[in-house]
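First the structure, in the form of structure tokens, and then the observations on it.
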Amino acid sequence: MIILFRRPWSLLVAASLLIAVGVLAGRFVSPALQAVTSMVSGRLVPIYKVETPEQRIAISFDATWGTELTDEILAILDRYGVKTTFFLAGYWVEKHPDYVKKIHEAGHEIGTHSYAHPHMNSMTRDEIIADLKKNHALLKDITGEDPILFRPPFGEYSNKVIEAASSLGYYTIQWSIDSLDWKDVSADFMVRRVLQNLQPGEIVLFHNAGKNTPQAIEILIPEIQARGFAIVPVGELIYRDNFVIDPNTGTQRPQRRTAALPAAAIPEGAVFEVPAAEGMASFAINVDWGEEHIPALLELLRTLDVRVTFFVTGRWAQRHPDLLRQMADAGHEIGNHGLSHAHPKQLTQSELTAHIVDNQEILDRLTGGRAVKLYAPPYGEWDARIVSRARELGYQTVLWTVDTIDWQDPTPETIVRRVEQKLAAGHIVLMHPRPNTLEALPDLVRAGRQKGLRLVPVGEMLRSAEAT
């Protein structure tokens, strides 16, 4: 048996250890550490706004009643070239499927606002899941796409609500600026309210039936743009991976990295790099979305003569079995990214087991038994319990040495610089199926080869190390 030297970069774990020390010492825990370790205190919150260096905000519309003003709103958005997010309640969807199509065909993002618009805090977890699944099916049937964003009715949430939504793969979204259009305030009032609070990363709440909403956005949009802000859908504003949410403010921010922890703090089975794998490095591509880029990615990897490890969620595999088989048929390694993109730390021991084992059954069934026993936890979220349970089930937990941060939508040049500066033998490079990643990939491969590295799947690198 070989011992792998592992170098973690997770602030989440560092913060957890520091909090444990602070609690034992009876000391004050800083807000920054509380933000990173919201699950330590047990309090979950939705995403209210996003910490971003870019001048971007999101405008969202909730639809639960009426359509009279929807055409006017869509025309204004189209006139200014703005795409937004509409959160649709299921009973509204059933009454107005033609408007769901209009919104979708206009290029706007669609999220779920529940089916029945109930007070979810008073419901059981199973009832919440049933409600969300019902609306999900309606939206998927009309648009052909799976919504990934959920806005709780009445802005009402609890751990139970967020955990239920997360188990279905939803990001729970609130807002940082309420236009108060539901109170029929004047357009001028709404304009002042939004502009006074405008900062990068804000999420603004409107409704498709607000009496003065069209007039307000007609004034607001050009003014927001004149101030240098881009208006994007919520799904483009948020981080989809490697993030934390401040439990006090609801601000989502990228997960920071810090210095390495002592090797003794890393449980056996957690792999951040494989130093004994001389002359090799690996690209690990996590897949829970981005299927539109997979065919081009596979063709590019074929042209570059590179094989990678795709870590795939079960829900994605079931939606796209043909793409999964294409990955395996091309000689790429198929790893386990969990049944859904749930937070592993929020799962009970039995749920964590199902999260890994049930996905493996799906991947094996769809690939003819070609999936490997490597587990990449969603959000890069790990601790001793998660790694130990995976090891008991026969899996190594794969993290990464170098994060391309492609999920933050950097330029391809930024991705290349970031990887080129750090890449060395035994390193694991984290990627996602994104257009900027595809554009950067030829230069990343070139950089690796110039350093004398063969780019191989993670499993091959591990087997090579075990053989030395």
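Only the Cβ atoms of Lys and Arg (+1) and of Asp and Glu (-1) were treated as charged; on that basis the dipole of the chain about its Cα centre amounts to roughly 1280 debye. Ordering Arg43, Arg434, Arg370 from the fewest to the most neighbouring beta carbons within 10 Å gives Arg43, Arg370, Arg434.
For the chain, the equivalent ellipsoid derived from the alpha-carbon gyration tensor has semi-axes of 39, 24, 22 Å in decreasing order. How much length, in nm to one decimal, is gained on full extension between Glu223 and Asp126, taken as 0.36 nm per residue of separation minus their Cα-Cα distance? Net length gain for the segment: 30.5 nm.
Placing a label point 7 Å from the Cα of Asp322 along the Cα-to-Cβ direction, the residues of the range 118-153 with a backbone N closer than 18 Å are 144-146. Of the cross-linked pairs Lys133/Lys160; Lys95/Lys211; Lys49/Lys422, those separated by over 22 Å at the C-alpha level are Lys49/Lys422. Magnitude of the charge dipole for the range 49-237, about its Cα centre and with charges confined to Cβ atoms of Lys, Arg (+1) and Asp, Glu (-1), is about 200 debye.
Between Lys134 and Thr303, the simple label model (points 7 Å from Cα in the Cβ direction) yields a spacing of 4.9 nm.
Farthest toward the positive end of the dipole of the chain, out of Pro412, Pro377, Ala330, is the Cα of Pro377, where the dipole comes from beta carbon charges about the Cα centre. Relative to the current alpha-carbon distance between Lys422 and Arg463, full extension at 0.36 nm per residue lengthens the span by 12.5 nm.
Straight Cα distances below 17 angstrom link Lys140 to the aspartates and glutamates Glu94, Asp98, Glu105, Glu109, Asp131, Asp288, Glu291, Glu292, with same-chain residues fewer than 8 positions distant left out.
Computed from the alpha carbon atoms alone, the convex hull of the range 266-467 holds 107 Å³ per residue.
Taking the number of Cβ atoms within 10 Å of each Cβ as an exposure proxy, the fewest-first ranking of Phe206, Phe86 is Phe86, Phe206. Each 5 Å bin from zero up to the one holding the largest Cα-Cα distance in the range 55-115 carries the following percent of pairs: 4, 18, 33, 27, 13, 5, 1, 0.
Using a simple spin-label model with pseudo-atoms 7 Å out from Cα toward Cβ, Asp364 and Asp409 lie 4.0 nm apart.
Per-residue ellipticity at 222 nm from helix content only, as computed over the chain with -39500 (n - 2.57) for each DSSP H run of at least four residues, stands at -12500 deg cm²/dmol.
Length gained on full extension, Glu439 to Gln346: 30.0 nm, using 0.36 nm per residue less the C-alpha separation. In the range 175-259, inverting the average of 1/r over every pair of distinct C-alpha atoms gives 14.3 Å as the Kirkwood radius.
In terms of other Cβ atoms within 10 Å, Phe229, Phe310, Phe150 run from fewest to most in the order Phe229, Phe150, Phe310.
Coordinate-derived values only; no laboratory data. Everything numeric here is computed off the predicted structure, so don't read it as measured data. In this analysis, Cβ positions are derived from the backbone assuming ideal geometry, glycine residues included, and neighbour counts consider all displayed protein chains.
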